[in-house]
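The structure appears right after this line, and notes come after that.
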Amino acid sequence: MNDRFFPTGKPRAVQGGIKARSSRGAIAQTWWGERFIAVLERAGIGGRLQRGKTYARKGQVISMEVTAGRVDAVVQGSRPKPYRVRIGAPAFGKAEWAAVESELAGSAWYLARLLAGEMPADIEEVFSKVGLSLFPKGPQELSMDCTCPDWGVPCKHVAAAIYLLAESFDDDPFRILAWRGRTREDLLAKLTIASGGGAPAGAGAAAPESPDVPLADLLDSYFTLQGALPGPSPAAAVGILVQAPDVDVTVRGQALTALLAPAYRDLAD
């Protein structure tokens, strides 16, 4: 697309826009943010993405919202009315997420990292194991739309939103999973249940009324165990580490809590 068909103008200044933190070089800093940008750049649209860097750094993106399967952004260009941008990606269905959660729940390592708000470096392998890709494999898996007159894809407005989306992944890696259809709260709740750490059946429900029987008639069975006691939960054991105060200790580059997680899992077993 040749930009001469659409005379370029200086974008209108935005007060309080979303502005990229970096002033030069790469915008994404974590492996998952870089991974998202790298997927797109390797697909041959890196040059177009560069056009959005200036917009991202100038704060031309007014707002951005991430929901299951789509990102909606408002970007201010040179015209008075801001442009509306949409970036779509397939969200995984219930059965697909159930397969992922089953794999994640079976590993104390993944549980500890996710419960600590961290994205395990090899989490992509979990998705691959069940036939899924955490990140879009390329632009062919994305739908990118903008209300601007430039029919090049992506235009600089979409590109700016993509860069800020990658940076938002830096801030909150769970946003990647939310984009694919599972919020942080839902994922952690389902992982806890899948790993055996959920509330027992009937928890929270009102207890059935007992017949009015004199205590003297119940003495023979009063101290008898009325049901099986719940066993130790691996997820709950790992959760103890997460709830403990932060300990700024690393061993060979790994957090102490991550190294202790397998031991806590063995204790629960």
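What are the trypsin sites (Lys or Arg not before Pro) within segment 68-151 that DSSP puts in a loop, where the Cβ has at most 16 other Cβ atoms within 10 Å?
On the way: sites: 70, 84, 86, 94, 113, 129, 137; in loops: 137.
Passing sites in segment 68-151 are 137.
Using a simple spin-label model with pseudo-atoms 7 Å out from Cα toward Cβ, residue 128 and residue 143 lie 2.9 nm apart. Within a straight-line Cα-Cα reach of under 30 Å, residue 53 can be paired with the following lysines, leaving aside sequence neighbours fewer than 8 residues apart in one chain: 10, 19, 81, 137, 156.
Throughout, read-outs are computed from the coordinates displayed, never taken from laboratory work. Keep in mind the model is a prediction, meaning the values are calculated, not measured. Cβ sites come from the backbone with ideal geometry, for glycine too, and all protein chains shown count toward neighbours.
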